[in-house]
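Heads up, the thing below is written out as structure tokens.
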Amino acid sequence: MTETPNADTPTTDSAVPAATAAPTAPAVSVVGPGESETVLLGTTRMRILEDGGTTGHRLGIAESVIAPHTPGPPQHRHAGHDEGFYIVSGSVRFTVGDEEHDAVAGTLVVVPPGAPHTFANVRDEPAVMLSTFTPDPYVQYFRELRDLHAGGEAVTPETQLRLMRRYATEPAEAPAPGPS
């Protein structure tokens with residue numbers, strides 16, 4: 001008696017080895033010194049180390065070199081992402097509501113959504129800071145801010161506020177924005 005395969009029974013030809021589909025490994029990003037996109041924002045130079053393209057947009061990472069005596073942005077709140085700041089060298093002053101914290105090298109500051117904050121380099125030396133954005137869309141805010149500055153037009157507080165709002169960010173004086 002000879003068996004014939006039915007539609008539910010897979011057939012194999014013993015002369016042809018079965019193909020084994022290996023799982024595809026996720027891409028790994030390695031960014032060396034001097035590599036990556038650079039964004040100039042006044043006296044601050046930012047290197048975008050991870051824009052979310054490798055992480056499924058769950059994480060963005062940037063390194064900022066902040067010149068001495070550089071004021072930061074107005075105190076603000078984010079509704080759509082967490083921010084982390086790790087001070088690599090120098091010192092950065094964080095203002096969180098009414099409290100000031102001088103963060104020296106080796107300090108980590110984590111800002112959850114809704115928390116008012118700003119930062120500045122009030123010292124005579126440059127400061128280097130590594131920042132994380134989870135999820136990553138705020139990386140695009142810095143690109144757009146760079147483009148505003150590069151366009152030759154004066155960046156007014158109103159222009160900057162409109163841009164911030166596109167990324168679920170409000171001035172700290174405003175009520176905390178809801179999730180986006």
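The values are calculated or read from the model by the stated rules, or taken from the named source; none is laboratory data. Quantities reported herein were computed from a predicted structural model and do not represent experimental measurements. Virtual Cβ from ideal backbone geometry, glycine too; neighbours counted across all protein chains shown. Quick note on the areas: whole protein, heavy atoms, side chains included, nothing else; ligands and nucleic acids left out. Shrake-Rupley method; radii C 1.70, N 1.55, O 1.52, S 1.80 Å.
Things worth noting here:
- Looking across the stretch 85-121 at every residue that is open to solvent by 60 Å² or more (accessible area, probe 1.4 Å) and either hydroxyl-bearing (Ser, Thr, Tyr) or touching a residue at least 40 places away in the same chain (Cβ under 8 Å) (or both), the one that is farthest from Ile66 (Cα to Cα) is identified as Pro113.
- Some residue of the stretch 52-67 being under 16 Å from Thr118 (Cβ atoms) and either at pLDDT below 90 or of a type in the set (Ser, Thr, Tyr) (or both): yes
- Here is the figure for the stretch 131-149: residues that are under 10 Å from the mean Cα position of the chain (by Cα) and open to solvent by 40 Å² or more (accessible area, probe 1.4 Å) total 5.
- Flag if Arg45 is open to solvent by 40 Å² or more (accessible area, probe 1.4 Å), assigned to a loop (DSSP other than H, G, I, E, B) and basic (Lys, Arg): no
- The number of residues in the stretch 52-66 that are in a loop (DSSP other than H, G, I, E, B) and either of a type in the set (Val, Ile, Thr) or in contact with a strand residue (DSSP E or B) (Cβ under 6 Å, 6 or more places away or on another chain) (or both) comes to 4.
- With respect to the conditions (1) open to solvent by 40 Å² or more (accessible area, probe 1.4 Å); (2) under 30 Å from Pro33 (Cβ atoms), Arg166 falls short on a single one, namely (2).
- Every residue from the stretch 67-88 that is outside any loop (DSSP other than H, G, I, E, B) and closer than 18 Å to Gln160 by Cβ: Thr70, His76, Arg77, His78, Glu83
- Answer residue from the stretch 54-70, given it is loosely packed, with under 14 Cβ neighbours inside 10 Å and in contact (Cβ under 8 Å) with a residue 24 or more places away in the chain and is nearest to Glu173 (Cα to Cα) among those: His69
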